[in-house]
Every structure is written in structure tokens, then in C-alpha cells.
Amino acid sequence: MKSILIKNGHIVDPSQNLDQQANLLIEDSKIKGLCDETTTADEVIDASGLIVSPGFIDIHVSLCEPGFEEDETIESGTAAALAGGVTSLGCMPNTSPVVDDRSSAEFILLQAARAANCHVFPLGAVTKNHEGKELAEIGQLVAGKAVGFTDADQPIENAEIMRCALQYTRMFDRPILNRAQVPELAEKGQMHEGFHSTVLGLKGIPAAAEEIMVNRDIALAELTRGRIHLMCISTQNSVSQIRRAKQKDIHVTADVTPHHLTLTDQMLETYDPHYKVLPPLRSQEHIDALIEGLKDGTIDAICSDHTPHASEKKTDEIIGADFGIIGLETLLPVCLQSLITPGHLTWSELIRKLTCGPAKILGLSKGTLAEGADADITLINPDIKYQLDPVSLKSSSQNTPFLGKELQGRAEIVLVSGEVRYRAEK
Amino acid sequence: MNIDHEYRTDISNGWTRKHILGLQDLSKDELNIILNQASEFKRLAAIGETKLTPLSGTVVANLFFEPSTRTRVSFGLAAKRLSADTVDFSSSGSSLSKGESFVDTAKTIEAMGVSYVVVRHKTPGAPQLLAQHLDANILNAGDGTHEHPTQALLDIFTIREHFGKIEGLTVTLVGDILHSRVARSNIWGLKKLGAHVIVCGPTTLIPSEISNLGVEVSNNLDDVISRTDCLNLLRIQFERQRGHFFPSIREYAHLFGMNKQRINKAKEDVLILAPGPINRGVEITPDVADGPHSVILGQVSNGLIIRMACLYLLHLQRTASLGIPG
């Protein structure tokens with residue numbers, strides 16, 4: 001029975017309201033609990049100056065395998081996750097073929113086991129081949145360990161299909177994760193519709209494209225008593241609607257990405273496709289509303305929306321470039337920049353959005369340092385400053401606007417199931 | 001007479017721009033340098049000096065990734081008038097259809113000794129992209145719905161030629177503002193030179209944020225026509241429209257078309273411009289298009305000298321940056 005002692009760390013575990021200097025003992029891949037200085041172990045990790053957090057959980061990651069291995073593989077994506085402090089991730093079903101049957105979900109688990117990096121939880125498709133017409137084999141996917149259902153970037157356009165999906169998944173107590181965007185309002189859109197899209201001559205996507213579908217999804221969740229999770233919320237009015245729905249005890253949850261908390265639509269001035277994401281980067285008033293939503297609990301989680309694209313898909317003209325950026329390895333520093341440094345959230349509040357918040361959405365028994373839990377732990381160095389270097393990225397793709405930028409904070413050591421799987425280079 | 005010396009006057013002093021990507025970036029002084037240089041070329045043309053030699057030995061590539069007639073011919077002729085060799089490229093039937101990227105195609109052409117690249121592309125920002133990847137001086141000949149700087153410059157030149165000034169004039173841009181690169185460039189240029197700009201069209205074709213550029217917005221042409229010095233009638237861009245922004249062409253012509261009845265409500269010396277190609281009977285009736293207020297064909301002539309001026313100024317910058325005596 002192997003034991004590891006993490007000494008002198010600043011333990012922050014929102015699931016237990018822990019925020020204190022202490023020692024943490026791990027035995028046989030499980031958390032044993034806090035201990036005093038006299039405790040001995042097979043291995044000792046000095047965590048002086050580090051925050052000891054439950055491993056991060058990112059429920060919105062594209063790993064691209066099978067079908068798009070030029071962008072990412074399960075091995076490279078999970079390595080990037082570890083480097084970002086993520087010990088569990090929800091894997092999008094937007095592969096080729098789409099994860100819409102049991103064998104596809106099991107393939108992901110098999111590849112994740114081979115990679116032996118972090119835990120991977122497959123998300124299944126809501127509809128066959130993401131076509132929005134017929135429900136996928138949701139029960140079979142549950143048997144294949146799918147923890148939730150989504151058509152990834154493809155919004156579920158048909159309200160009747162969404163209603164059925166919410167009703168059907170109630171049998172399995174799994175959420176539907178939807179990207180709220182009315183397709184006809186977003187068609188050919190490249191960026192947020194506003195002053196900057198007017199100047200740049202790029203077709204805009206209005207905030208209403210998201211808000212209309214948020215409204216519809218909340219109404220259907222209320223009607224069906226199903227669980228709706230709204231992915232990558234980006235507008236002021238979306239936050240208000242979700243806040244009101246939660247007050248009515250409708251089963252709605254939401255997440256936001258770090259880049260939507262940091263970058264505005266003004267960044268598109270350079271026509272750099274690395275700022276082209278979905279939903280589009282919005283204006284400062286929307287960012288302010290998202291931060292308020294995080295502070296008051298309206299928004300439950302922060303997710304990277306890790307969307308790798310090989311360089312040839314993210315250069316050249318902006319209209320031809322694919323949407324999306326990688327986010328696993330910048331998840332923590334960008335959150336620190338946008339939320340901790342300006343004083344919007346405490347470390348405990350931020351870690352809640354990265355651990356027990358997302359765990360609750362997918363019903364995972366993770367995101368905690370409670371006794372008996374899997375020893376998935378991230379040791380954070382909050383002070384270190386560094387430049388994001390393309391060579392150091394573990395992801396196969398480098399489509400991030402933060403490349404070359406100075407960042408602060410990173411995962412220093414990451415344990416998965418009681419085993420040190422990652423150490424940052426000195 | 002030493003013609004070469006004639007156009008190398010002080011009017012070009014102060015020009016340092018490597019590229020002309022749009023009018024948003026240019027200062028009032030830089031706009032005036034271009035307009036004055038064009039005036040000089042027009043004066044020379046008037047005395048029969050149409051073939052000049054400053055770009056002799058250089059190559060201008062006209063890269064047109066979108067259909068064009070007048071702009072393409074105008075740029076080609078402008079380069080020839082300055083004695084440059086020209087390379088014409090159009091995307092149809094090119095290596096782009098074999099999967100080559102836009103930037104790689106442009107770099108390949110540049111490698112054949114090209115110093116100046118004139119680019120038209122359907123994607124906003126495409127000229128900026130080339131400016132990042134090529135050594136050549138880039139001239140934007142229209143990028144999607146973003147900017148069309150030489151068209152705006154020739155519009156402004158034509159207005160200045162007629163009224164002797166821009167400052168204090170009221171210029172109304174009529175029509176499809178939403179999809180118009182001509183409108184965006186005109187707004188930047190006219191505002192910097194002191195004009196009052198009105199944009200007029202159906203609510204569906206006017207971006208909601210356009211007033212933040214300092215323009216007046218109107219949805220009623222009859223309300224603004226009497227205080228307008230110059231009407232610039234933009235083409236309805238049927239090819240760019242996703243859907244139905246107005247119920248019918250007949251209704252558009254009824255509300256926003258320029259016809260004899262409306263001319264009667266306008267100032268006596270109102271100037272009618274249209275960037276073309278014009279849709280006769282839609283934005284403008286034939287009697288107005290061919291009538292005394294119209295300077296549509298004059299615009300086309302001025303387009304040639306504006307493009308000569310732009311190419312010449314980029315050449316001055318290039319030779320200066322390479323340390324070559326001008």
C-alpha cells in the first residue's frame with residue numbers, strides 16, 4: 001500500500017470549505033485526509049508556496065480522435081490536460097464517426113486507458129451523426145459509460161427533438177449539454193455583431209442568437225423536468241435568464257470559458273483567426289455580466305472549450321478559418337488573469353468552478369479532497385510568470401491567441417489516482 | 001520639358017506608408033497627398049502626357065480573387081501608364097482550385113519579382129494578411145464588405161473637383177450600407193476631410209452601430225435630399241445578400257431610387273455619383289444616370305489617376321526604404 005504525503009501546502013477544497021495550510025496524506029490511490037507533521041509516508045512532496053487543489057475537471061474538451069488526428073489525439077489531448085492541471089475531462093462526441101453508439105464511447109475509454117494520462121469521460125451524441133433528426137442510442141451510450149449528451153458545436157435546432165431528449169435522458173439522470181445558438185441568426189457570422197463588426201465588414205452574430213435558444217432550452221427543461229446544461233454562455237441576457245430559471249428551481253446549469261472572460265470582440269481588429277471562436281468574443285458589458293454570474297453562482301463551471309485545429313485550418317483568410325482555440329493549457333492562468341488578479345473571485349471560489357462545480361453537472365464523484373475520494377490533485381504555483389512558448393505546449397495544435405503572451409500561474413505537479421503524472425519543467 | 005520632373009513635386013513629401021489597406025488608417029494629410037498627386041497626374045494627362053516612366057522596370061501584380069471589370073482594368077491601365085510591367089491573376093482556374101492557400105498563391109507570384117500587389121478578395125482583412133506575409137507593397141482593391149479605398153478616393157476626388165472642397169459639404173450615401181465596402185471607406189475619408197455624411201437606406205441594410213462612426217442615419221431619402229450636396233448611390237449587392245432585406249426591387253426603387261421627381265427636390269447643383277456597376281431602374285433611372293447632375297463616367301476617369309497616384313506613392317516609399325534615389 002503506497003502512501004504519499006503532500007507537506008506544507010495551502011489546501012483549498014471548496015467541497016469541504018477547506019482553505020488552510022496543512023499536510024495531506026494519500027494511501028493506495030485514495031485521499032486519506034489531513035494529517036499532522038509527525039506523519040510519515042513512502043513519498044513526500046514539498047508543496048511550500050503551492051495551492052493544493054482537487055484536480056481540475058473540464059467538461060468541454062474536443063480530443064478529435066478518431067477522425068481528426070491531425071488536430072489532436074486522445075494521447076496528446078490528455079497530456080495537454082495534465083499540463084493544465086486537469087485530471088478529469090468530458091470528451092466531446094464530435095469525432096468522425098460521431099460518438100453516437102456504445103462502441104464509439106468504449107473506443108475513447110480504451111484509448112484513454114492506453115494513454116494513461118488523465119481520466120476521460122465520454123459524452124455521447126444527442127442525435128445520430130449530430131444531424132438533429134433522430135435521437136442517438138442514448139441508453140446504449142450510457143451502458144458505454146457516457147456521462148452526458150451533446151451535439152457539441154451543433155446546436156439542437158429542433159425544439160421537439162430537444163424536448164424528447166430532455167424527457168428521455170431523465171431515465172438515466174444525465175444532462176443534455178447544448179450550445180445555444182439559433183442557426184439562422186448566426187449563418188455566415190464571423191464575430192460578435194456590434195460596432196467592431198460594422199467597422200471590419202465582418203458578418204456579425206447577434207447576442208440574441210444565443211439568448212433566444214437559452215430561453216427555449218429553459219422553457220423545455222421546465223416543461224420536461226429534464227437537466228439542461230448551457231455550454232459557453234457569453235451574453236448578459238443569457239446570464240439573467242439562467243439566474244431567473246435557477247430561482248424557479250428549473251434544472252439548468254451553465255459554464256463559461258476563460259477566453260470569454262478576458263478577450264473582447266475588439267481583438268478581431270487584426271483579422272487574426274486566433275480570435276475567431278464560437279460563441280464569438282463579446283463586448284465588455286457582456287464580460288462584466290458573466291463575471292457577476294460566476295460570483296453569484298448563476299454560472300456553475302469554467303471550461304476550456306479546448307478546440308484544436310492544425311495550423312493550416314487556422315491561418316489564411318478569416319472567413320475560411322475554423323472556429324475555436326485550444327484552452328487546456330491556458331485554463332488556469334487565464335482564469336487567474338481575469339478573475340483572481342482583479343479581485344473578482346477568491347482562490348476558493350475559482351477552484352469551485354474548476355472542480356466540484358463541473359463534477360456536479362456530470363454527476364462525477366470527483367472534484368474533492370474528502371477522505372476516500374480518488375487522489376486526483378493539482379498543485380498550483382500561483383506566482384510563477386512565464387511566456388507561453390509553442391515548444392512547451394503538449395497539445396498537437398497551437399491555435400491560441402495567448403501564444404507568446406506573458407502568463408501567471410500554472411499547474412506545478414498533478415496526481416491522478418494517487419500517482420504523479422505531471423511535473424512542470426523548471 | 002522634363003515630364004518626369006513635373007510630377008516629382010513637393011506634394012509627395014511626407015508619404016511614408018508602405019501599404020494602402022483602407023482609409024480608416026490614413027490621416028487627413030495623407031488623404032490630401034493622394035488627392036493632390038492625382039490632380040498632378042490629371043493635369044499632365046490634360047496636356048497629353050499620359051505615359052510616364054517612374055515604375056519602369058518594376059512589376060505590379062493584380063491579384064483578383066473576386067470578379068471585377070472596372071477596378072481591374074483601371075488598375076492595369078494605371079500601372080501601364082506609369083510604365084510598370086503587369087501580371088494579372090484571377091482565382092478561377094488557378095491553383096486555389098487545387099487546394100493551394102491564398103497566402104501561398106500570393107507568395108508564389110511575388111517570388112517572380114513583383115514589387116506591388118493590388119489585391120481584391122471576398123474576405124475582409126485579406127490585404128492585411130498579405131501585408132503580414134509579403135515584402136511587396138499592398139494596395140487594397142476591395143476586401144469583402146470591409147473597405148475599397150481607391151473607390152472612395154476617386155469619389156472624394158470627383159466631389160472635390162466639382163465643389164473645390166470637401167469640408168462643409170453634406171454627402172448622402174444611399175442604399176446597401178450593410179454590405180458596402182465603398183460606404184465604409186467613403187465614411188472614413190469624407191469625415192476626416194470635414195464633410196457631413198448621411199447614410200440612407202432601409203433599416204435592414206443599415207448596421208445598427210453605424211452612427212458611432214459619426215454619421216447621420218436616415219431611412220427616408222425625401223427627408224434628406226434637399227440638404228444634400230452630393231448623393232452617392234450604392235448598388236444593391238444582390239450577390240452578397242443572404243435573404244430578403246426588402247420586399248421587392250420595385251418597392252426599393254420607389255423608396256430609395258433616384259429619379260426625376262426626386263431630382264426636383266434636390267439642390268440645383270446636386271452631384272450624383274454611383275460606384276457602379278449601376279442597376280438602371282433600381283438605384284437610379286436612366287434619365288438621371290445620363291443626366292446633367294451625374295458624374296458617373298467622370299468617376300471612372302478619375303479612378304485611373306487615383307490608382308496611378310496610389311501606385312506612385314507606394315513606389316516613392318519603396319525606393320526611399322531601399323535607399324534608391326527618387
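The values are calculated or read from the model by the stated rules, or taken from the named source; none is laboratory data. Just so you know, these numbers come straight off a predicted model, no measurement behind them. When we count neighbours, we look across all protein chains shown, and the Cβ atoms used for this are built from the backbone with ideal geometry, even at glycine. These accessible areas exclude ligands, DNA and RNA; they are computed on the full protein's heavy atoms, side chains included. Shrake-Rupley method; radii C 1.70, N 1.55, O 1.52, S 1.80 Å.
Within the range A:380-426, the set of residues being among the aromatic types (Phe, Trp, Tyr) and either buried (at least 19 other Cβ atoms within 10 Å of the Cβ) or at pLDDT below 95 (or both) comprises A:PHE402, A:TYR422.
Of the residues making up the range B:191-219, those that are open to solvent by 60 Å² or more (accessible area, probe 1.4 Å) and in a strand (DSSP E or B) are B:HIS196, B:VAL217.
In the set B:GLY125, B:GLY142, B:GLY175, only one residue is crowded, with 24+ Cβ neighbours inside 10 Å and free of Cβ contacts under 8 Å to residues at least 24 places away in the same chain; that residue is B:GLY125. Does the range A:294-317 contain any residue that is open to solvent by less than 10 Å² (accessible area, probe 1.4 Å) and assigned to a helix (DSSP H, G or I)? Within the range A:294-317, one or more residues are open to solvent by less than 10 Å² (accessible area, probe 1.4 Å) and assigned to a helix (DSSP H, G or I).
Exactly one residue out of B:LEU255, B:LEU314 is open to solvent by 40 Å² or more (accessible area, probe 1.4 Å) and either within 25 Å of B:PRO67 (Cα to Cα) or hydrophobic (A, V, I, L, M, F, W, C) (or both), and it is B:LEU255.
Residues satisfying the criterion are absent from the range A:9-26 (criterion: surrounded by 16 or more Cβ atoms within 10 Å (Cβ to Cβ), in contact (Cβ under 8 Å) with a residue 40 or more places away in the chain and more than 27 Å from the chain's Cα centre (by Cα)).
Has the range A:201-208 got any residue that is outside any helix (DSSP H, G or I), of a type in the set (D, E, K, R), within 14 Å of chain B (Cβ to nearest Cβ) and under 30 Å from A:THR315 (Cβ atoms)? Checked the range A:201-208: at least one residue is outside any helix (DSSP H, G or I), of a type in the set (D, E, K, R), within 14 Å of chain B (Cβ to nearest Cβ) and under 30 Å from A:THR315 (Cβ atoms).
The single condition from (1) over 30 Å from B:GLY144 (Cα atoms); (2) touching a strand residue (DSSP E or B) at 6+ places or on another chain (Cβ under 9 Å); (3) not hydrophobic (A, V, I, L, M, F, W, C) that A:GLN167 fails is (2).
Test A:GLU134 against the criterion of being open to solvent by 10 Å² or more (accessible area, probe 1.4 Å), away from chain B (no Cβ under 14 Å) and over 24 Å from the mean Cα position of the chain (by Cα), and give yes or no. It is true that A:GLU134 is open to solvent by 10 Å² or more (accessible area, probe 1.4 Å), away from chain B (no Cβ under 14 Å) and over 24 Å from the mean Cα position of the chain (by Cα). The number of residues in the range B:220-237 being more than 19 Å from the chain's Cα centre (by Cα) and either part of a helix (DSSP H, G or I) or polar (S, T, N, Q) (or both) comes to 9.
So is B:ASN186 open to solvent by less than 10 Å² (accessible area, probe 1.4 Å), within 30 Å of B:VAL117 (Cα to Cα), within 14 Å of another protein chain (Cβ to nearest Cβ) and not acidic (Asp, Glu) or not? So B:ASN186 passes the test. Residues in the range A:308-322 that are of a type in the set (Lys, Arg) and over 13 Å from B:LEU129 (Cα atoms): A:LYS313 alone.
Among the residues of the range B:46-61, those that are buried (at least 17 other Cβ atoms within 10 Å of the Cβ) and not in a strand (DSSP E or B) comprise B:LEU52, B:PRO54, B:LEU55, B:THR58. Return yes or no: is B:ASP155 open to solvent by less than 20 Å² (accessible area, probe 1.4 Å), within 14 Å of chain A (Cβ to nearest Cβ) and closer than 30 Å to B:LEU297 by Cβ? For B:ASP155, the condition - open to solvent by less than 20 Å² (accessible area, probe 1.4 Å), within 14 Å of chain A (Cβ to nearest Cβ) and closer than 30 Å to B:LEU297 by Cβ - is not met.
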